[in-house]
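**Student:** Mind looking over this structure? Questions follow.
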Amino acid sequence: MALIVQKYGGTSVGTVERIQAVAQRIQRTVNAGHQVVVVVSAMGKTTDTLLGLANDITPNPSRRELDMLLSTGEQVTIALLSMALQALGQEAISLTGAQVGIVTESDHSRARILEIKTDRLRRHLNEGKVIVVAGFQGITRSTDLEITTLGRGGSDTSAVALAASLQASQCEIYTDVPGILTTDPRLVPTARLMPEITSDEMLELASLGAKVLHPRAVEIARNYGIPLVVLSSWTDEPGTRVVSPLPQARSLHNLEITKAVDAVEFDTDQAKVALLRVPDRPGIAAKLFGEIARQNVDVDLIIQSIHEGNTNDIAFTVVQGLLTPAEAVADAIAPVLRDHHPSDAAEVLVQRDIAKISIVGAGMIGRPGIAATMFKTLADAGVNIDMISTSEVKVSCVIGAQDCDRAIAALCDSFEISTSTLQQSLTHPASVADLPPVRGVALDRSQAQLAIRHIPDHPGMAAHIFSLLAAESISVDMIIQSQRCRIINNTPTRDIACTVAAADVERARAVLMPMVSTWDAGEVAIDTDVAKVSIVGAGMQGHPGIAAKMFAALAAQQFNIKMIATSEIKISCVVAAAEGVAALNAIHEVFELSSDTRIEVPA
Ligand code: ADP
Ligand code: ASP
Ligand code: MG
């Protein structure tokens, strides 16, 4: 007999008939000899409808009252599903988050789970009952017992947290598609089902727009080593397994409040090539990285910053042994990249003595202050940051090699990292050699680009900017610092661009303006006409040419790339909003991810 947690999403319980079908599926699991705890979402689009009602009353409803309202959606489903189970002769009991004792922080509308009480659950399981728990909600520890919600899509997180707390043998996420696909089948109908994906890859995909799983659910599964499966509630197909390495034992206390940073990594075998003032038109990145791939040079970080006038800067890093061929390609291509005027010639800049230093940890998801703390720590240690590259679970900075030891010491101190978790990052870990270079692709249409221009270039500025945003709970992604220094009134200045949720972009500008307006020519520019397309695959390390192929697919459609940012396992490009879906399709096609059969998706 095993204990299994099953979660059914909104569409899966969208009608009475669907609820009855789900009840039958649950009963089959019980009849196979298992104990079952079920987590459900609100029926169909209930949560959106409730949000609409709130907005009809006021454009700024309080987050406490929103939680009170939205938590009712799941309460309807638990009662109906429990009744449906009882009608089949299966003993069942429905429980709200509060009744279970899903204890959360008091941060309304995005509360994280602190602890789940298991006494009552164990009692009912021992009585032979199926327990139906309301997803997405919890209760605070304070005497006021406030109702909280976990954030949109949070029922996945409830389910995996329950599985961890009960030490269940498996957590099954039932949804309206056959499992995790190479991309969203609503945008690319030829998306293919993957039998398996690593939790690292899924974490990236989820945070880059694949809403099939809530990133926080993936994080808990990874931290506690919970076997996680995503599958269709319509069929009996096996779905997709999310595989995690065996984790270290960890306490269930403060379940979602993990240490933000698990490790500090450094790599001194790095060199940088930057091309300044390359023309801002489709095909440039494809040409450059296509040529580099032809020389079999594997690039590590790639960043392309916001453009100024009609030119961009592109910079990349390689291991030092590959600097000579990389530089040769850049030198050869620079004159070709000029537009019509000789003054447009791109300039190649090479830097040998650099180091890459990174902080790593799933605990930084949704905590915008962590990157800011890293920048501040480096600034306080007098370390200037040359390049920044971020992913959901990692922030990497390129710094001068001479600063590396000082930076490591300061970061270990600041994030309470013992030297045992300090590691020399392996450029191509052997464990990824067999993984596919591109596992899936994702589109995020909810972001906007924020460019902060003419920032005085001295240590501490990035820290200052991102601390201000973090204090307002504004999460940023794709932070890119320009390569070029511009002298304004004798002060060297640089630009920093990043992406933020479109809903936060005006607030971000308002937060930054008081500081920016004190600089000469300081400016905050917003571009909401953006979409972010990304490829994810742990096997892309050690496969030269993956980036070039992605850029070429975009160039073939004449799509201009506004920004590029990479981590070890992902490459993201920002393009115009209207090009997003076509860009996603083109990239999915070029990496041969399509299947011959079309996925049927319920409306
Ligand atoms: P649920 O209500 O079951 O939680 P969601 O709507 O939250 O379902 O998530 C399932 C949806 O996620 C699918 O219908 C699909 O449109 C979308 N999706 C986005 N990316 C992917 C992907 N890579 N694989 C599968 N589904 C995806
Ligand atoms: N009902 C909530 C939502 O729509 C939670 C969930 O379905 O996961 O976001
Ligand atoms: Mg969902």
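The values are calculated or read from the model by the stated rules, or taken from the named source; none is laboratory data. The structure displayed is predicted, hence computed values, not measured ones. So basically every Cβ, Gly included, is an ideal-geometry build from the backbone, and we count neighbours across all protein chains shown. The protein model used for the area step is the full one, side chains on, heavy atoms only, and it has no ligands, DNA or RNA in it. Shrake-Rupley method; radii C 1.70, N 1.55, O 1.52, S 1.80 Å.
**Student:** Looking at segment 284-293, is at least one residue buried (at least 19 other Cβ atoms within 10 Å of the Cβ), of a type in the set (A, V, I, L, M, F, W, C), part of a loop (DSSP other than H, G, I, E, B) and more than 16 Å from ligand 1 (Cβ to nearest atom)?
**Tutor:** No, segment 284-293 has no match at all.
Conditions (1) more than 7 Å from ligand 1 (Cβ to nearest atom); (2) small (Gly, Ala, Ser); (3) part of a helix (DSSP H, G or I); (4) at positive phi, marked per residue:
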position	(1), (2), (3), (4)
ASP156	no, no, yes, no
ALA161	yes, yes, yes, no
VAL188	yes, no, no, no
ALA206	yes, yes, yes, no
ALA210	no, yes, no, no
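A quick yes/no check of all residues on (1) modelled with pLDDT of 95 or more; (2) basic (Lys, Arg); (3) not in a loop (DSSP other than H, G, I, E, B):
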residue	(1), (2), (3)
VAL229	yes, no, yes
VAL242	yes, no, yes
PRO245	no, no, no
GLU256	no, no, no
VAL261	no, no, no
THR268	no, no, yes
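Residue-wise test of (1) of a type in the set (A, V, I, L, M); (2) touching a helix residue (DSSP H, G or I) at 6+ places or on another chain (Cβ under 9 Å).
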{"site": "ALA463", "(1), (2)": "yes, yes"}
{"site": "ARG486", "(1), (2)": "no, no"}
{"site": "ALA497", "(1), (2)": "yes, no"}
{"site": "ALA538", "(1), (2)": "yes, yes"}
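**Student:** At least 1 residues that are of a type in the set (S, T, N, Q) and at pLDDT 90 or above in each: list the strands (runs of 3 or more DSSP E) lying fully within segment 458-551 that qualify. So that I can check it myself, show each step before the final result.
**Tutor:** Details: elements: 476-481, 486-488, 491-501, 523-527, 530-536.
Because the criterion is at least 1 residues that are of a type in the set (S, T, N, Q) and at pLDDT 90 or above, the strands (runs of 3 or more DSSP E) in segment 458-551 that meet it are 491-501, 530-536.
**Student:** Within segment 391-402, can one find any residue that is part of a loop (DSSP other than H, G, I, E, B) and either at pLDDT 90 or above or closer than 30 Å to ALA586 by Cα (or both)? Please lay out each step first, then the result.
**Tutor:** Within segment 391-402, the first condition is being part of a loop (DSSP other than H, G, I, E, B), and the residues that meet it are 392-393.
Of the ones still in play, those that are also either at pLDDT 90 or above or closer than 30 Å to ALA586 by Cα (or both) are 392-393.
Yes, segment 391-402 has at least one match.
**Student:** Of the numbered conditions (1) within 14 Å of ligand 2 (Cβ to nearest atom); (2) open to solvent by less than 30 Å² (accessible area, probe 1.4 Å), PRO185 satisfies every one except a single condition; which is it?
**Tutor:** PRO185 satisfies every listed condition except (1).
**Student:** Something else about it: Which one of these is within 16 Å of ligand 3 (Cβ to nearest atom), modelled with pLDDT of 95 or more, within 23 Å of SER169 (Cα to Cα) and not β-branched (Val, Ile, Thr): GLN27, GLN6, GLN90?
**Tutor:** Checking each option against the conditions leaves just GLN6.
**Student:** Restricting attention to segment 409-451, which residues are in a helix (DSSP H, G or I) and modelled with pLDDT of 65 or more?
**Tutor:** Correct list: ALA409, ALA410, LEU411, CYS412, ASP413, SER414, THR419, SER431, VAL432.
**Student:** Oh, and also: With the checklist (1) open to solvent by less than 70 Å² (accessible area, probe 1.4 Å); (2) more than 30 Å from GLU237 (Cα to Cα); (3) without any contact (Cβ under 8 Å) to a residue 40 or more places away in the chain; (4) touching a helix residue (DSSP H, G or I) at 6+ places or on another chain (Cβ under 8 Å) in hand, flag the one item LEU70 doesn't pass.
**Tutor:** Only one criterion in (1) open to solvent by less than 70 Å² (accessible area, probe 1.4 Å); (2) more than 30 Å from GLU237 (Cα to Cα); (3) without any contact (Cβ under 8 Å) to a residue 40 or more places away in the chain; (4) touching a helix residue (DSSP H, G or I) at 6+ places or on another chain (Cβ under 8 Å) is unmet by LEU70, namely (3).
This table checks each residue for (1) outside any helix (DSSP H, G or I); (2) out of contact with any Lys or Arg (no Cβ under 6 Å at 6 or more places or on another chain); (3) more than 30 Å from ASP262 (Cα to Cα); (4) charged (D, E, K, R).
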position: ARG120; (1), (2), (3), (4): no, yes, yes, yes
position: VAL133; (1), (2), (3), (4): yes, yes, yes, no
position: ASP184; (1), (2), (3), (4): yes, yes, yes, yes
position: LEU203; (1), (2), (3), (4): no, yes, no, no
position: ALA221; (1), (2), (3), (4): no, yes, no, no
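**Student:** Would you pick out the residues in segment 51-94 that are hydroxyl-bearing (Ser, Thr, Tyr) and either closer than 30 Å to ILE26 by Cα or more than 28 Å from the chain's Cα centre (by Cα) (or both)?
**Tutor:** Those that are hydroxyl-bearing (Ser, Thr, Tyr) and either closer than 30 Å to ILE26 by Cα or more than 28 Å from the chain's Cα centre (by Cα) (or both): THR58, SER71, THR72, THR77, SER82, SER94.
**Student:** State yes or no: is ASP48 of a type in the set (Asp, Glu), away from ligand 1 (no atom under 16 Å from the Cβ) and under 28 Å from the mean Cα position of the chain (by Cα)?
**Tutor:** In short, no.
**Student:** Now for a different question. Write out, first by first residue and then by second, each pair whose Cβ atoms fall under 9 Å of each other, whose residues are 6+ apart or on separate chains, and whose first residue, in segment 291-307, is at positive phi while the second is open to solvent by 20 Å² or more (accessible area, probe 1.4 Å) and at pLDDT 85 or above.
**Tutor:** ASN296/LEU322; ASN296/PRO325; ASN296/GLY545
**Student:** Can you tell me which condition LYS129 does not meet? The list is (1) at pLDDT 95 or above; (2) within 24 Å of VAL212 (Cα to Cα), and all the others hold.
**Tutor:** (2)
**Student:** Please specify each residue of segment 163-179 satisfying the condition of being more than 14 Å from HIS214 (Cβ to Cβ), out of contact with any strand residue (DSSP E or B) (no Cβ under 6 Å at 6 or more places or on another chain) and within 14 Å of ligand 1 (Cβ to nearest atom).
**Tutor:** Passing the criteria: ASP176, VAL177.
**Student:** Next question. Has segment 129-139 got any residue that is away from ligand 1 (no atom under 16 Å from the Cβ), closer than 23 Å to TYR224 by Cβ and open to solvent by 10 Å² or more (accessible area, probe 1.4 Å)?
**Tutor:** Yes: one or more hits.
**Student:** Here is a further query. Kindly indicate whether any position in segment 91-108 is open to solvent by less than 70 Å² (accessible area, probe 1.4 Å), in a loop (DSSP other than H, G, I, E, B) and over 19 Å from THR47 (Cβ atoms).
**Tutor:** yes
**Student:** Kindly indicate the residue of segment 53-67 that is within 27 Å of THR15 (Cα to Cα) and exposed (fewer than 15 other Cβ atoms within 10 Å of the Cβ) and also farthest from ligand 2 (Cβ to nearest atom) among those meeting that condition.
**Tutor:** The selected residue is ASP56.
**Student:** Among what's in segment 165-179 and is among the hydrophobic types (A, V, I, L, M, F, W, C) and within 16 Å of ligand 2 (Cβ to nearest atom), pick the residue that is surrounded by the fewest Cβ atoms within 10 Å (Cβ to Cβ). Don't jump to the end; show me each part of the working.
**Tutor:** Let us first name the residues in segment 165-179 that are among the hydrophobic types (A, V, I, L, M, F, W, C), namely 166, 168, 171, 173, 177.
Restricting the remaining residues to those that are within 16 Å of ligand 2 (Cβ to nearest atom) gives 171, 173, 177.
On the way: CYS171: 28, ILE173: 30, VAL177: 24.
Applying the filter and picking the extreme gives VAL177.
**Student:** Quickly run through segment 212-230 and pick out the residues that are within 14 Å of ligand 1 (Cβ to nearest atom) and open to solvent by 20 Å² or more (accessible area, probe 1.4 Å).
**Tutor:** The answer is VAL212, HIS214, PRO215, ARG216.
**Student:** When you scan segment 1-37, how many residues do you find that are closer than 19 Å to THR49 by Cα and in a loop (DSSP other than H, G, I, E, B)?
**Tutor:** 4
**Student:** Take segment 551-580 and flag every residue that is closer than 15 Å to GLN447 by Cβ and open to solvent by 30 Å² or more (accessible area, probe 1.4 Å).
**Tutor:** Within segment 551-580, LYS562, ALA577, ALA578, GLU579 meet the criteria.
**Student:** With the checklist (1) at pLDDT 95 or above; (2) away from ligand 3 (no atom under 16 Å from the Cβ) in hand, flag the one item THR143 doesn't pass.
**Tutor:** (1)
**Student:** Could you pull out the residue among LEU85, LEU81, LEU121 that is within 16 Å of ligand 1 (Cβ to nearest atom) and crowded, with 21+ Cβ neighbours inside 10 Å?
**Tutor:** One residue alone meets the criteria, LEU81.
**Student:** Could you check segment 25-47 and list, in sequence order, the residues that are within 14 Å of ligand 2 (Cβ to nearest atom), open to solvent by 10 Å² or more (accessible area, probe 1.4 Å) and closer than 13 Å to VAL132 by Cβ?
**Tutor:** Within segment 25-47, SER41 is the sole residue that qualifies.
**Student:** Counting only residues that are within 16 Å of ligand 3 (Cβ to nearest atom) and among the hydroxyl-bearing types (Ser, Thr, Tyr), which one in segment 9-24 is most open to solvent (accessible area, probe 1.4 Å)?
**Tutor:** Checking each candidate, the answer is THR11.
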